[in-house]
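Student: My questions will all concern the structure given below.
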Amino acid sequence: MSESPQEISSSDWAVLALVAEAPSHGWAIATQLARGGEVGSIWSLGRPIVYHALAHLEQEGLLRTAGLERGSRGPHRVIYAVTPAGRKAIRRWLGAPIQRVREIRSLFLLKVVLSERAGIDVAPLLNAQRRMMMPFIAWLEAQLDDADPELPAESTVLTFRLESARMVVDFIDGMLEKRSKAAAKAAVKAPPKARR
């Protein structure tokens, strides 16, 4: 990493995760992160931001230049690959639950999708995120119980936040249940292990 590392933004992490899937150039990454792109439907970035992220990640030692792709009509494209430090960092980031509840809808979903694309088991992330949500839900319930009836906006906002938090937990529980059923189904289909 560079001597004076800058903070790695969520957009930088998204770019790093996509390069970690396979060496790539900025145009291909920008295509996936465009509004209509595969990942862009969750987390969209414009091309200039993607190119800035690539430069920043290379400066931080998380990416390296791996070659050039000759352009038939346009300029040559720089191919980037993840470094060992970058691979370690992206796995750590993908496995860490979201701390700010307001980022759950976008950033948590991004982590789940990028983890699935990378073939990383998302169950630890799902369980960690669920554990983080439960005290927040309990706090919101207590706040709602204590809400001043003279201030209906307070109650409305708390109810909205509580229902949103519960929705996230329901989503997590549904994903965990789906994974559990898939694992059970795969175990039933698997041939018994040969005895020695």
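Read-outs: derived from the displayed coordinates by stated rules, not from any lab. Note that the structure is a prediction, hence the values are computed from the model and not measured. Note that we place each Cβ from the backbone using ideal geometry, even for glycine, and neighbour counts take in every protein chain shown.
Student: With the chain treated as a Gaussian network of Cα nodes joined by springs under 10 Å, which of S180, S115, S106 yields the largest mean-square fluctuation?
Tutor: S180
Student: Another question about this same structure. Skipping prolines and chain starts, which residues have an amide H placed within reach, meaning under 5 Å, of the one on L63, given they are 5 or more residues away or on another chain?
Tutor: The list, which skips near neighbours in sequence, is E58, T83.
Student: Only counting other Cβ atoms within 10 Å, I'd like F108, F171 sorted with the fewest neighbours first.
Tutor: F171, F108
Student: Would you grab the residues whose amide H sits under 5 Å from the one on Y80? Only those 5+ places off in sequence or on another chain, please, with H modelled 1.01 Å from N.
Tutor: Hits under the 5 Å cutoff: S24, H25, A66.
Student: Now, a different point. Under 10 Å, Cα contacts only: if you run a Gaussian network model on the chain, which one of W139, W27, W13 comes out with the highest mean-square fluctuation?
Tutor: Of W139, W27, W13, the most mobile in the Gaussian network model is W139.
Student: Can I ask one more? Using 0.36 nm per residue of separation minus the Cα-Cα distance, give me the extension gain between S9 and M132 in nm, one decimal.
Tutor: 42.1 nm is the gain from fully extending S9 to M132.
Student: Please grab the % of Cα pairs in the range 10-94 that end up more than 22 Å from each other. Display every interim value, and only then the final one.
Tutor: Working: 687 of 3570 pairs.
Of all Cα-Cα distances in the range 10-94, 19 percent exceed 22 Å.
Student: What percent do you get for the relative contact order of the chain when only Cα pairs under 8 Å and 6+ apart count?
Tutor: 17
Student: Over the range 10-94, what is the relative contact order in whole percent, taking alpha-carbon pairs under 8 Å and six or more residues apart? Each step should come with its number before you reach the end.
Tutor: Working: 127 pairs, mean separation 28.4, N = 85.
Reported relative contact order: 33 percent.
Student: Add -39500 (n - 2.57) for each DSSP H run of 4 or more in the chain, then divide by its residues: what number comes out at 222 nm, to the nearest 500 deg cm²/dmol?
Tutor: One gets -19500 deg cm²/dmol as the mean residue ellipticity at 222 nm.
Student: Taking the Cα centre of the chain as origin, sum charge times position over the Cβ atoms of Lys and Arg (+1) and Asp and Glu (-1), and report the length of that vector in debye to the nearest 20. All intermediate terms of the calculation are to be shown ahead of the outcome.
Tutor: Working: 27 positive and 21 negative charges, 329 e Å.
That gives a dipole near 1580 debye.
Student: While we're on this one: When the chain is modelled as a GNM with alpha-carbon springs shorter than 10 Å, which of L162, L45, L62 fluctuates the most?
Tutor: Per the Cα network of the chain with a 10 Å cutoff, L162 tops the list.
Student: Next question. In sequence order, what are the phi-derived ³J(HN,Hα) couplings for the range 76-82 according to the Karplus relation 6.51 cos²θ - 1.76 cosθ + 1.60 with θ = phi - 60°, rounded to whole Hz, with x for glycine and proline?
Tutor: Running phi through 6.51 cos²θ - 1.76 cosθ + 1.60 with θ = phi - 60° gives 5, 10, 7, 9, 10, 10, 6 Hz.
Student: Taking every pair of Cα atoms in the chain, average 1/r, invert it to obtain the Kirkwood radius, and report Rg/Rh to two decimals.
Tutor: Dividing the radius of gyration by the Kirkwood radius yields 1.09.
Student: Order these by the 10 Å Cβ neighbour count, fewest first: I90, I8, I98.
Tutor: I8, I98, I90
Student: Just going by the charge dipole of the chain, with Lys and Arg at +1 and Asp and Glu at -1 on Cβ, which of Q99, N127, A153 is farthest out on the positive end?
Tutor: The residue sitting most towards the positive pole is N127.
Student: On to the next question. Under a point-charge model restricted to the Cβ atoms of Lys and Arg (+1) and Asp and Glu (-1), what is the dipole moment magnitude of the range 106-172 relative to its Cα centre, in debye to the nearest 20?
Tutor: Numbers: 6 positive and 10 negative charges, 115 e Å.
Value, rounded to 20: 560 debye.
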